[in-house]
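Beneath this line is the structure, given in structure tokens, with notes to follow.
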Amino acid sequence: MVTIKETLNEACEEYFLPGNSCCAGCGLEIALRWAMKALGPKTALVTPASCLNVVIGLWPKTAPNFPFINMAFAAGASAATGVDAAFKAKAYRFPNQGWDKMTTLVFAGDGGTTDIGIQALSGAAERNSNILYVCYDNEAYMNTGIQRSSSTPHSAITTTTPFGKQRYKKNLPRIMEAHEIPYIATCSVSEPLDLYEKFKKAKDIEGCKYIHILAPCPPGWGYGAEDTIEMARLAIKSGLWILYEVENGVKTISKASKKYVDPSKRIPLIEYLSKQKRFRTVSEQQLIKLQEGIDKSWKVILSEIEAQEK
Amino acid sequence: MISKTNNIIQKRETKIIKGNVAAAYAAKSARVQMISAYPITPQTTVVEKLSEFVDGGEMPGTQYIKVESEHSVMASVIGASIAGTRTFTATSGQGLFYMNEMIHWAAGTRLPIVTAIASRGAAPPWNIWADFSDVINARDTGWMSAFCATHQEIYDEILMSYKVCEDYDVLLPKFVAYGGFILSHTSKPVIIEDQDLVDQYLPPLPDEKGWPQIFLDPERPMMHGNLIMPSGFYSEFRMKIQDTLMKTKDKIKIASKEFEKTFGRSYGNGLIEEFNMDDADVGIIIYGDLALQMEQAVEELREEGYKVGMVKLRHYRPFPTEDIRKIAKKVEVLGVMDRATAFGSPTGGPVSGDVLSCLYDTGITTKVLPMMAGIGGREVTLVQQKEELKTLIKIKETGELPNNLIHGTLWDGILEVK
């Protein structure tokens, strides 16, 4: 694990610049800022329809100082596949110019990943396209006004689930595992060092990489802008969001989540839910359901790790 | 068994090949750097042949991605084109409909993408046979579109298309459409040109910097497709696409002339090709493979003493308004034959509607008869085409329209329905 001092020394360069139009306390902004610090300037970013299309700046203002393609909603992974193919074709015609060292990054929201973009993502993963696909997960369609997505958690109120969502959150990292791609990781904006390290690692892996970042959204979740890090942290502390990596099929729980393998170390889920207006109508029964979901995730993940150790 | 050959330079040779294979050879001759495709009948043999070329080592450096849908086809081609490579794909009917969102994206980004279309009818009911409703459906997207009548024309038009699309004053995408099965799956002799000559004819591949104004380069960070407010330049970007397309008519003519100079084959002025029109008093505008047989119908009626002529529409977008006006002035009666539907439009046929609209306020009084035939691959015989011409002749002689028109349009070869 890198130390804060080391990270700050090597990651002082900024690529996602101030002057963007993110909301105060935007989880996405933190995620992209730290991801780019790890990936560096030889990165081309593709972003399907999402908040990021807007917050990078209305034309002619642009906050990123790296190449950036705004893309159609369903087309993040496929457009990135094309970009990577072009870099390979350029590396053939212009060898030793660094075109083969380019990172092709996708930064998509949970709607663009778990709903409309899943076909293209699945295709890219099956082909093992040399792209790094990132889902910044704020658990609803925030850009269009907080509608439910398949990544919205059970019981959460959105503008299209006014009485709370009736279904569970789609577990996309697990779906990506089924594609047997070389690298999968979960991250949180509350753990920038962990995020930084995982992106550094992903950058040097050939093939399809998938990173899923929990990125809280103050207006969408209903909490104060100053509490984004706290929300992301509570998600980890309650065991709701588990940080882990899957490298070539081998799963390991990341440091920040290790402590919460022990259920007695986890904080009660209500401490996380009660700070967000989207969970304001959660009943006791729903709370039990949500807790069951958490327990089940841990059970599955731990049994898998146990099985691979045998 | 596919033999692996290492970068053998193509010499001029005549091959007896399918229309789809001619399209694949054109992509190879154009040295495309990136191909993305998804199989759909009747386009499949294009992508199969390209797989043989790429995997067999005949297209060194070319990246070929077999994606999971047509939407992803066009998205990946757009990504590769933005990053500064010459790209190619091919599709048909439903595939083109499915990629429609990305079709707009390609033109809006001003990318010189060339796409072959083995045209087929729209479902339902399922139909996989010649019908240009697929490419017509994409007409308002900013893409150019060309129709081919012969196997050789498929090969030739794809080469001409790269020349036009990659012109720095153009930078727009283009469809090269030909009838499914009728051209895609039949074999004819096609001249595959000398690679050196093709290299001379085409613009050089994009250099390391990419296209002018469009690039994906870490040294010159650029953002593509930002959100833009109504007060920004959105209206102007759209106006520029229209402006460019209209000016592209001249570029197409020049590319066609240079093609003739280089390879010795000509296709009229590039936009249209006239056949026996000089002294004709009755003419027909027709496109795609139906035009080939119509040549014979015209010849046979000429032998019978009728002054008939034919105009092969080679480009649908940009629409050759000026040429069509000149043609219309020459004749007394002009038939416009569509092999595509435009439901609810004034004539029901896309081209006939456009022909009528470009004659407005020109003082031209030529009688125009909108006609439809061959929809969904329905066979159109030579005898039938001669009858179509005779119908036009009869209008000239009697001044009266036939009494079997359906909402003003002659649907030829249609079965009796309730």
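Derivation of every value follows stated rules applied to the coordinates shown; laboratory data play no part. All values reported here derive from a predicted model rather than from experimental measurement. Positions of Cβ are generated from backbone atoms using ideal geometry, with glycine treated the same way; all protein chains shown enter the neighbour counts.
Scan chain B and report its longest stretch carrying no GluC sites (Glu not before Pro) that are both in a DSSP loop and have at most 13 other Cβ atoms within 10 Å.
The reported range is B:1-207.
With angles folded into 0 to 90 degrees, how steeply does helix A:27-39 sit against the dominant principal axis of chain A? Use alpha carbons for both and round to 10.
Value to nearest ten degrees: 40.
Tell me whether the range B:272-411 comes out rounded, prolate or oblate; compute the Cα gyration tensor, take square roots of the eigenvalues as a ≥ b ≥ c, and use a/c under 1.5 as the rounded threshold.
Because its axes are fairly even, with a/c under 1.5, the range B:272-411 counts as rounded.
Which percentage, to the nearest 5, of the DSSP beta bridges contained in the range B:272-411 is antiparallel?
25
Within straight cross-link reach of A:LYS275, meaning Cα distance under 18 Å, which aspartates and glutamates are found once same-chain residues fewer than 8 apart are removed?
A:GLU139, A:GLU226, A:ASP227, A:GLU230, A:GLU284
Let me check I've understood the local charge: for A:GLU10, count other residues with C-beta under 12 angstrom from its C-beta, Lys and Arg +1, Asp and Glu -1. What total comes out?
0
For chain B, set up a Gaussian network in which alpha carbons nearer than 10 Å are linked by springs, and say which option among B:GLY225, B:GLY57, B:GLY108 fluctuates the most.
Sorting by GNM fluctuation, first place goes to B:GLY225.
If you take every residue apart from A:VAL261 with its C-beta less than 12 Å away from the C-beta of A:VAL261, what net charge results, scoring Lys and Arg +1 and Asp and Glu -1?
Working: positive: A:LYS255, A:LYS258, A:LYS259, A:LYS265, A:ARG266, A:LYS299; negative: A:ASP262, A:GLU306.
Around A:VAL261, the surrounding residues sum to +4.
Under the Karplus relation 6.51 cos²θ - 1.76 cosθ + 1.60, θ = phi - 60°, what is the ordered set of whole-Hz ³J(HN,Hα) values for the range A:51-67, x standing for Gly and Pro?
3, 4, 4, 8, 6, 5, x, 6, 3, x, 7, 9, 8, x, 10, 8, x
For chain B, what does the helix formula give at 222 nm: sum of -39500 (n - 2.57) over DSSP H segments with n ≥ 4, over the residue count, nearest 500 deg cm²/dmol?
The helix contribution divided over chain B gives -12000 deg cm²/dmol.
What does the extension gain come out to for A:GLU230 and A:GLU306, with contour length at 0.36 nm per residue minus their alpha carbon separation?
On the way: separation 76, 0.36 × 76 = 27.36 nm, distance 3.11 nm.
Gain on extension, A:GLU230 to A:GLU306, equals 24.3 nm.
Suppose we keep just the DSSP beta bridges with both residues in the protein assembly as shown; what percent of those would be antiparallel, to 5?
Roughly 30 percent of the beta bridges in the protein assembly as shown run antiparallel, per DSSP.
Relative contact order of the range A:1-88: what whole-number percent is it, with Cα pairs under 8 angstrom and at least 6 residues apart?
It rounds to 31 percent for the range A:1-88.
What number, rounded to the nearest 500 deg cm²/dmol, is the helix-based mean residue ellipticity at 222 nm of chain A, given -39500 (n - 2.57) per DSSP H run of at least four residues and division by all its residues?
Helix-only estimate at 222 nm: -11500 deg cm²/dmol.
Treating the beta-carbon of each Lys and Arg as +1 and of each Asp and Glu as -1, no other charges, what is the dipole magnitude of the range A:4-309 about its Cα centre, to the nearest 20 debye?
I would put it at about 360 debye.
Determine the sum of side-chain charges near A:ARG148: Lys and Arg each +1, Asp and Glu each -1, restricted to other residues whose C-beta is under 13 angstrom from that of A:ARG148.
Taking every Cβ under 13 Å from that of A:ARG148, the sum is +2.
What dipole magnitude, in Debye to the nearest 20, does chain B give about its Cα centre under +1 on Lys/Arg Cβ and -1 on Asp/Glu Cβ? Walk me through the numbers on the way to the answer.
Numbers: 44 positive and 54 negative charges, 65 e Å.
The calculation lands at about 320 debye.
Along the charge dipole of the range A:160-310, which of A:THR160, A:ILE211, A:HIS179 sits closest to the positive end, that is, farthest toward it, with unit charges on the beta carbon of Lys, Arg, Asp and Glu (+1, +1, -1, -1)?
So the residue we want is A:THR160.
What is the antiparallel percent of DSSP beta bridges lying wholly in chain A, to the nearest 5? Please report the intermediate quantities before stating the final value.
Numbers: 10 of 35 bridges.
Antiparallel: roughly 30 percent of the beta bridges in chain A.
Which entries of B:LYS247/B:LYS330; A:LYS259/B:LYS66; A:LYS200/B:LYS209 show an alpha-carbon separation above 32 angstrom in the structure shown?
From B:LYS247/B:LYS330; A:LYS259/B:LYS66; A:LYS200/B:LYS209, over 32 Å: A:LYS259/B:LYS66.
To the nearest 0.05, what FRET efficiency results for A:LYS277 and A:LYS170 with a Förster distance of 30 Å applied to their C-beta separation?
0.85
Given Cβ point charges of +1 (Lys, Arg) and -1 (Asp, Glu) and nothing else, what value in debye, to the nearest 20, does the dipole of the range B:126-202 about its Cα centre take?
Charge dipole of the range B:126-202: 340 debye, to the nearest 20.
Please give the FRET efficiency for B:GLN195 paired with B:PHE237, using the beta carbon to beta carbon distance and R0 = 41 Å, rounded to the nearest 0.05.
My answer for the efficiency is 0.65.
Among A:LEU52, A:THR281, A:GLY76, which residue has its Cα positioned farthest towards the positive end of the charge dipole of the protein assembly as shown, with +1 placed on the Cβ of Lys and Arg, -1 on the Cβ of Asp and Glu, and the dipole taken about the Cα centre?
It is A:THR281, whose Cα lies furthest towards the positive end.
Give the cross-link partners of A:LYS5 among the lysines, using a straight C-alpha distance below 16 Å as the criterion and excluding same-chain residues fewer than 8 apart.
Straight-distance partners of A:LYS5: A:LYS37.
For peptide B:223-236, what's the mean number of Cβ atoms from other chains within 10 Å of each residue's Cβ?
Mean number of neighbouring Cβ atoms from other chains: 4.
Per residue of the range A:297-310, in order, report the coupling 6.51 cos²θ - 1.76 cosθ + 1.60 (Karplus, θ = phi - 60°) as ³J(HN,Hα) in whole Hz, putting x for Gly and Pro.
With coefficients 6.51, -1.76 and 1.60, one gets 4, 5, 4, 5, 5, 6, 5, 5, 5, 4, 5, 6, 7, 5 Hz.
Which entries of A:LYS101/A:LYS255; A:LYS42/A:LYS88; A:LYS88/B:LYS11; A:LYS198/A:LYS237; B:LYS257/B:LYS326; A:LYS237/A:LYS277 show an alpha-carbon separation above 24 angstrom in the structure shown?
With Cα atoms farther than 24 Å apart: A:LYS101/A:LYS255; A:LYS88/B:LYS11.
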